[in-house]
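Trainee: Structure provided below as structure tokens; questions to follow.
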Amino acid sequence: MKTISKSSRTKIRQYSLEKIDFSLPIARREPQRKLFYGWIITIAGFIVTGSCWGMQYSFGIFFKPMLAEFGWTRAATSGAFSTCMAVIGFSSLLMGWLCDRFGPRITIALSGVLISSGTFLTGQVTNLWQLYIFYGLIIGIGMGASFVPLMATISRWFEDKRGLASGIVSAGIGGGTLLIAPLARYSIDMVGWRMSYYLFGIALFVTIVGSSLFLRSKPEDYGLLPLGATGKERDNLQTGNSQTDFTLNETVKTSAFWMIFIAQMLWTFGLFIPMVHVVAYATDTGISHIAAATIMGLIGVASLTGKIFSGGISDKIGNKNTLLASLAIQAFMMFWLLWSKDLSMFYIFAFLYGFSYGGVVPQFPVITGKYFGLAKIGVIFGLANSGALLGNATGPALAGYIFDSSQSYSAAFLLAGLSVILSMILCMFLKKPSKI
């Protein structure tokens, strides 16, 4: 047998060592995972929407105490809420532009100052015109930043999981209603409606302005990319170019934009009739004020659940399908309310109405972003959302007028259901536009 010399064995060992890749264990080491900052923004957005809209939707809790003190009509009093919603429609355009220009941190901080000031001043009203100025105008301007800039910001931070993130931010509306509505009822019973407005004004300043400090405009400014952005999407984001992004001028020339605008207007026209009047309607049927306030709380719980659930499910079945299913449920519940005379029926209404409401809210901003791109999403969705605010403004006031004229809400609830059905039909024909 042939033996190998000592020198040959040494050369073989050296050759073998040279072929070994000692960097392999290091190359397999994965970088430490950190929490994506977009989720921090999502949590801050949840707190902002909860604070703003939880207080806004608790207007019905303050409704009868103010009627009892001043003797105003329901139409005149609910008109302040309608004025606020109309002002939100116009201020959403301004706040969307401010967000695109200066970022969400400054925009939301300004919103917090206006909302908290208006809430505090509402506790000092002695005349109807003051309610319209303090609640309708000042709070309305501030509320313009309570939804549009947040949803625009979320769209910029998330490519993947955008539906879920939008759902979580929107869920703040339900979470805030769940917390603030019964708290407002308890506070009114303990210290009166005026002092309650003072206390809530201070609390809103802390929560909204405090949360604004955590907001950031877009991930590219910090060397990051949206969650899930890959391939061509990364190239577009890094170069600032995208063939799918519409300008505002191009957007308003599409039928898809105006279909979204009108669909939101019809939906919110019906939506806000019970949102403002259901507590008064429940007490008219003999339900106690405390029990009636829990109806709003249940709406808050259900809408919170609906927003998170729909946000996740829309990532799987699509935003349009989720939107249509939610609108169908909500339309049915408007008619259900016509026959609701005991607390159990009101609770069934509250859960399904709130759940379906939560299903609708995240879909419109996500659809708008997918249809028209993200370059001008703040001002584009601000304009589209002004349709929703027009519906908000007219529905509750008209319902108040119907009640004052007939001493019944039946025609108002019937009108609300038909309006939501029309919105659903319009959404069936929504299609993504193509740039010319």
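Trainee: Sort out which residues of segment 308-339 are surrounded by fewer than 20 Cβ atoms within 10 Å (Cβ to Cβ), in contact (Cβ under 8 Å) with a residue 24 or more places away in the chain and in contact with a Phe, Trp or Tyr (Cβ under 9 Å, 6 or more places away or on another chain), and write them in order of number.
Mentor: F309, I329, F335, L338
Trainee: Which one of S7, S78, S92, S82 is assigned to a helix (DSSP H, G or I), over 30 Å from L199 (Cβ atoms) and modelled with pLDDT under 85?
Mentor: S7
Trainee: Please work out which one of (1) modelled with pLDDT of 95 or more; (2) aliphatic (A, V, I, L, M); (3) farther than 26 Å from W39 by Cβ is the condition A184 fails and give its number.
Mentor: Tallying (1) modelled with pLDDT of 95 or more; (2) aliphatic (A, V, I, L, M); (3) farther than 26 Å from W39 by Cβ, A184 fails exactly one: (1).
Trainee: L430 fails exactly one of the following numbered conditions: (1) under 30 Å from D245 (Cα atoms); (2) assigned to a helix (DSSP H, G or I); (3) within 22 Å of the chain's Cα centre (by Cα). What is the number of that condition?
Mentor: L430 satisfies every listed condition except (2).
Trainee: Which residue is nearest to G163 (Cα to Cα), if the candidates are limited to segment 285-307 and must be in contact (Cβ under 8 Å) with a residue 60 or more places away in the chain and out of contact with any Leu (no Cβ under 9 Å at 6 or more places or on another chain)?
Mentor: The selected residue is K307.
Trainee: Moving on to the next point. For segment 119-226, which fully contained helices (runs of 4 or more DSSP H) count at least 3 residues that are in contact (Cβ under 8 Å) with a residue 12 or more places away in the chain and touching a helix residue (DSSP H, G or I) at 6+ places or on another chain (Cβ under 6 Å)?
Mentor: Details: elements: 128-131, 140-143, 148-157, 162-212.
Correct list: 140-143, 148-157, 162-212.
Trainee: Can you list residue pairs whose Cβ atoms sit under 6 Å apart, with the first residue in segment 379-390 being within 16 Å of V361 (Cβ to Cβ) and among the charged types (D, E, K, R) and the second being buried (at least 24 other Cβ atoms within 10 Å of the Cβ) and modelled with pLDDT of 80 or more? Count only pairs 6 or more apart in sequence or on different chains.
Mentor: Listed by first residue and then by second, the contacts come to nothing, as the list is empty.
Trainee: For residues that are among the hydroxyl-bearing types (S, T, Y) and closer than 29 Å to I402 by Cβ, scanning just segment 416-436, find the one that is surrounded by the most Cβ atoms within 10 Å (Cβ to Cβ). So that I can check it myself, show each step before the final result.
Mentor: Filtering segment 416-436 down to residues among the hydroxyl-bearing types (S, T, Y) leaves 419, 423, 434.
When the remaining residues are screened for being closer than 29 Å to I402 by Cβ, the result is 419, 423.
On the way: S419: 22, S423: 26.
Across segment 416-436, the extreme among qualifying residues is S423.
Trainee: Here is a check on your reading of the model: is A416 touching a Ser or Thr at 6+ places or on another chain (Cβ under 8 Å), touching a residue at least 12 places away in the same chain (Cβ under 8 Å) and assigned to a helix (DSSP H, G or I)? I'd like the intermediate steps shown before the answer.
Mentor: Working: touching a Ser or Thr at 6+ places or on another chain (Cβ under 8 Å): no; touching a residue at least 12 places away in the same chain (Cβ under 8 Å): yes; assigned to a helix (DSSP H, G or I): yes.
For A416, the condition - touching a Ser or Thr at 6+ places or on another chain (Cβ under 8 Å), touching a residue at least 12 places away in the same chain (Cβ under 8 Å) and assigned to a helix (DSSP H, G or I) - is not met.
Trainee: From the list S310, S356, which residue is in contact with a Pro (Cβ under 7 Å, 6 or more places away or on another chain) and at negative phi?
Mentor: On the way: S356 fails: in contact with a Pro (Cβ under 7 Å, 6 or more places away or on another chain).
Selected residue: S310, the only one of S310, S356 that is in contact with a Pro (Cβ under 7 Å, 6 or more places away or on another chain) and at negative phi.
The values are calculated or read from the model by the stated rules, or taken from the named source; none is laboratory data. Everything numeric here is computed off the predicted structure, so don't read it as measured data. Using ideal geometry, Cβ is built from the backbone for each residue, glycine included, and neighbour counts are taken over all protein chains shown.
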